[in-house]
Amino acid sequence: MGDEDLAGDICQETMLKVMFNIGKYEDRGIPFSAWLYRIASNEVNLFFRQKNKNTTVEIQERHLKDLMHEGELGKMDSEEDQEKLVQLMTKLKPEQTEIIELRFFLEYSFKEIADFYNITEANAKMRLYRILEKMKQDWK
């Protein structure tokens, strides 16, 4: 199964779940897109848990540099340090990787991350900075 076929299947499952559960959606001030993203994220996680596969994510260099700058990790212009960062990220827990992805790769604000997890903005910041601190400690 190719990546496009896989993406289409997961998207189809996501939309089916959205259609069956749209009546359960309540507007609580959280963007509708956060609700959709949560369902899609759950579907992706479910697929890979069932298939027990590793995921591949395309990471743009500017996102890595932003992460390196924010986390004070290595030299931003060093390809070696960028590769080291990617390797470090593979050792994170899925929940930690998701927060990094939301903040740096999808460029969510802290408010959007907070809405996504139904937590306070301060808690979203605290979670991210704890992950960055752990990454900094593991950077050797």
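Among the residues of the stretch 78-95, is any closer than 21 Å to residue 37 by Cα, without any contact (Cβ under 8 Å) to a residue 40 or more places away in the chain, surrounded by fewer than 19 Cβ atoms within 10 Å (Cβ to Cβ) and touching a Ser or Thr at 6+ places or on another chain (Cβ under 9 Å)?
No, the stretch 78-95 contains no residue that is closer than 21 Å to residue 37 by Cα, without any contact (Cβ under 8 Å) to a residue 40 or more places away in the chain, surrounded by fewer than 19 Cβ atoms within 10 Å (Cβ to Cβ) and touching a Ser or Thr at 6+ places or on another chain (Cβ under 9 Å).
Search the stretch 25-37 for residues that are in the same structural domain as residue 11 (by TED's automatic domain parsing) and pair each with any residue that is surrounded by 13 or more Cβ atoms within 10 Å (Cβ to Cβ) and part of a helix (DSSP H, G or I) when their beta-carbon atoms are under 7 Å apart and the residues are at least 6 apart or on different chains.
25/35; 30/115; 31/115; 34/112; 34/115; 34/116; 36/18; 37/116
Is it true that residue 110 is within 15 Å of residue 31 (Cβ to Cβ) and touching a Phe, Trp or Tyr at 6+ places or on another chain (Cβ under 9 Å)?
Judged against the criteria, residue 110 is not a match.
Of all helices (runs of 4 or more DSSP H) completely enclosed by the stretch 1-82, which ones contain at least 3 residues that are modelled with pLDDT under 80?
32-51, 61-71
Please indicate, with yes or no, whether at least one residue in the stretch 103-111 is surrounded by fewer than 11 Cβ atoms within 10 Å (Cβ to Cβ) and closer than 23 Å to residue 34 by Cα.
yes
The values are calculated or read from the model by the stated rules, or taken from the named source; none is laboratory data. Only a predicted model underlies this, so the values are computations on that prediction, with no experimental measurement involved. Neighbour counts run over all protein chains shown; Cβ positions are idealised from the backbone, glycine included.
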